[in-house]
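See structure below.
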Amino acid sequence: MKKTLPLLLLLLSASAWAQQPVAPSRPTVGVVLSGGGAKGVAHISALRAIEEAGIPIDIITGTSMGALIGGLYSAGWTTDQLDSLVRSQDWLFLLTDRVSPADLDIENRFLQDTYPLWHAFPKGASGNEGAGVIRGDNLDHLFDRLLYAYPDSICFDSLPIRFACVATDIVSNTEVDFHSGSLKLAMRSSMSIPGVFSPVRMGNMLLVDGGMRNNYPSDIARQMGADIIIGVSVQGDTLTANDISTPFDLLMQIIDVNCKNKYDENVRNSDIFMKVDVSGYSSASFTATSVDTLLQRGATAAAQHRAHLLDISSRINGGVPAPPVTRPTMLVEQPSSPRLMSIPQVLTFPVVGVTFRVDNEENSALQIGARYPFYWLSPMEVSMRLRLGKRLDIHFEHRFYPRGISSPSLSYEYQHNDIDIYESGSRKYNIKSNRHIVELTPINSTFKKYRLRIGLRFDYHNYYDNILSASQTAIDVSDQHFFSYFFESLLNNEDHLYFPTSGTHFILRVAYHTDNFATYEGSTGIPEVIMRLRVNLSPWKHITFQPSMFSRLLFGDKMPLSLIGALGSRQQMVDGQLYFPGIRSIVMTDRYIIGASLRTQLRIADKHHVLLDGAAARQLDDIKDYYHSFDLGSSDFTYGVSLGYAYTSYLGNIEAYIGYSSLAPSATFYIALGHAF
């Protein structure tokens with residue numbers, strides 16, 4: 001009896017529980033987000049509309065940009081946070097392998113700023129990182145910050161919202177669905193556009209953009225148990241034959257055609273299908289204006305389905321639309337950490353870069369640069385630079401990296417110079433020469449923002465086919481050679497190469513020129529000093545003042561043609577040239593010149609600048625006269641002004657200036673596109 005009593009009580013309790021009414025479970029809601037590059041920012045507005053309709057989201061599946069937005073939302077980011085995130089990102093920086101200037105030393109910063117089109121070739125076992133133009137380093141760093149709460153492999157069902165995304169194994173051409181593992185790698189794999197981003201290696205698989213096999217994965221949402229599917233597509237229409245005019249158009253067409261796999265079938269598998277109007281925009285439309293418009297178009301597409309969304313909300317809530325869903329802020333962006341692609345990594349990889357420039361002085365020029373590091377007894381590096389244009393330049397350098405702070409180098413450079421020289425605003429003569437330079441630099445130290453170089457240079461000038469005016473027939477154009485000792489100190493902590501708003505730029509070059517290591521033509525050697533100091537002051541947000549001082553002093557009795565100083569335009573044509581507004585090409589100066597300038601830089605929009613330059617200088621043939629006859633109206637004083645506009649772009653600056661100088665009585669006009677080199 002004692003043994004049967006507990007059993008009887010248990011049966012009675014179970015009977016009573018069974019008679020209680022069971023609360024009906026609501027349908028499971030899945031959201032599907034398609035791929036589409038920049039167009040995928042419209043997904044954020046669609047998610048916000050689903051929240052406002054009071055529909056709880058249980059499952060999200062996505063491809064490419066849909067995997068990025070869906071993965072972050074599933075991990076806890078709110079729609080307001082995602083909206084702010086896509087508006088505030090520097091997408092031009094994120095979608096390249098460029099490194100933040102703050103993380104680079106002077107030389108690597110110059111390399112990056114000079115070559116907009118550059119690529120590093122990683123040396124590793126697989127070599128797959130070189131299979132894309134962009135390795136995706138900056139995206140990896142962004143994901144590290146945004147998903148810092150999920151650094152390890154996890155089951156994606158454990159996220160606040162269950163999640164899955166799609167990639168493509170390019171080896172077997174099969175679909176790979178991610179339901180677990182590294183959330184960062186899953187998202188990164190799903191958006192690896194073939195040929196653009198390096199594929200992600202996982203075992204024997206090489207993963208690229210999931211849109212190649214399944215760009216709208218509603219079938220995966222069904223497999224995960226979704227009863228109701230709300231889908232958002234930002235996939236554009238395929239191009240016609242007349243629309244394909246660039247290699248990028250062709251690549252996007254190949255991807256878009258492959259994105260049709262299962263697309264129509266999966267669309268029919270949706271309860272609500274929102275098709276965002278993305279006409280006029282491409283996968284690369286990441287400008288601030290484009291992002292804003294695409295977010296609005298996402299909201300417009302969702303508004304057209306407002307009634308359907310409310311119907312689903314009523315079904316879930318027992319016949320009455322539910323109140324808007326509010327998600328608590330769960331994640332914030334972790335502060336940026338030092339970038340993985342730091343200076344040592346830049347030196348570890350072979351690098352090739354291409355840059356160009358078009359202007360109304362040289363017409364056009366193209367430059368190719370390459371660096372190849374290797375190890376033999378100690379770390380070392382070989383670099384090459386080839387400049388094609390009116391002025392040809394070929395440069396080779398071998399640098400050693402022994403233990404210590406100095407990186408000794410040995411270099412050879414050949415220049416073919418074709419230089420126009422102006423007087424009173426018109427071309428007076430043309431100098432053509434072949435120049436050979438061999439430079440040994442035993443002290444070559446580069447720190448974060450400072451560089452020190454001390455060495456010996458051999459310089460040989462061969463002048464030929466020169467056109468001189470009658471007043472300049474006394475110029476000696478016979479061949480010349482020099483053995484020069486040099487010292488160079490450079491400090492540059494400015495925040496931008498072309499349009500800085502803070503920091504200081506200071507350079508001091510001192511050289512002693514001889515023809516036999518001690519004297520020049522039987523007399524004392526020729527000392528030379530070049531100095532420039534520029535400071536950036538920004539008292540207001542959009543205005544920067546840049547006062548500067550500059551000088552070039554050439555001592556000694558001799559004045560060889562190759563050492564004559566010059567004032568000139570923004571292009572560096574000769575060694576002793578100093579920039580001076582209002583001058584086209586270059587104007588020769590006396591051996592001593594001291595001056596000051598002020599630039600006022602007004603930023604009128606994100607990438608638009610108005611620039612006003614003013615400069616004054618005094619040039620003398622004898623430094624002793626500097627404190628005598630100090631008359632601003634004398635011919636010793638030179639002044640110039642210019643007004644310009646510049647637009648910064650990834651491929652270089654678009655610049656236009658109009659100027660006037662006392663050395664060029666008529667107005668000068670200068671226009672250029674590209675980087676300075």
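Bear in mind these aren't lab numbers, they're just calculated from the coordinates by the rules spelled out. Please read all numbers here as calculations on a predicted model, not as lab measurements. Note that we place each Cβ from the backbone using ideal geometry, even for glycine, and neighbour counts take in every protein chain shown.
Tabulated values for the structure
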read-out: The range 40-194 - charge dipole about Cα centre, Lys and Arg +1 at Cβ, Asp and Glu -1, debye rounded to 20; value: 120
read-out: Cα-Cα P(r), the range 538-677, percent of pairs per 5 Å interval; value: 2, 9, 17, 20, 19, 14, 9, 6, 3, 1, 0
read-out: Per-peptide average of other Cβ atoms within 10 Å, ordering 77-89, 314-326 highest first; value: 77-89, 314-326
read-out: Rg/Rh ratio calculated on Cα atoms of the range 499-563 (Kirkwood radius); value: 1.25
read-out: Along principal axes, Cα extents of the range 56-167, largest first, whole Å; value: 52, 35, 21
read-out: In nm, spacing of pseudo-spin labels at Q89 and S445 (7 Å Cα→C-beta vector); value: 4.2
read-out: Cα convex hull of the range 67-113, projected area averaged across orientations, nm²; value: 4.2
read-out: Q296 paired with V529, simple spin-label distance in nm, labels 7 Å along Cα-to-beta-carbon; value: 6.0
read-out: Directionally averaged shadow of the range 480-616, computed from the convex hull of its alpha-carbon atoms, nm²; value: 8.8
read-out: Protection proxy ranking, peptides 575-583, 184-192, average beta carbon neighbours within 10 Å, highest first; value: 184-192, 575-583
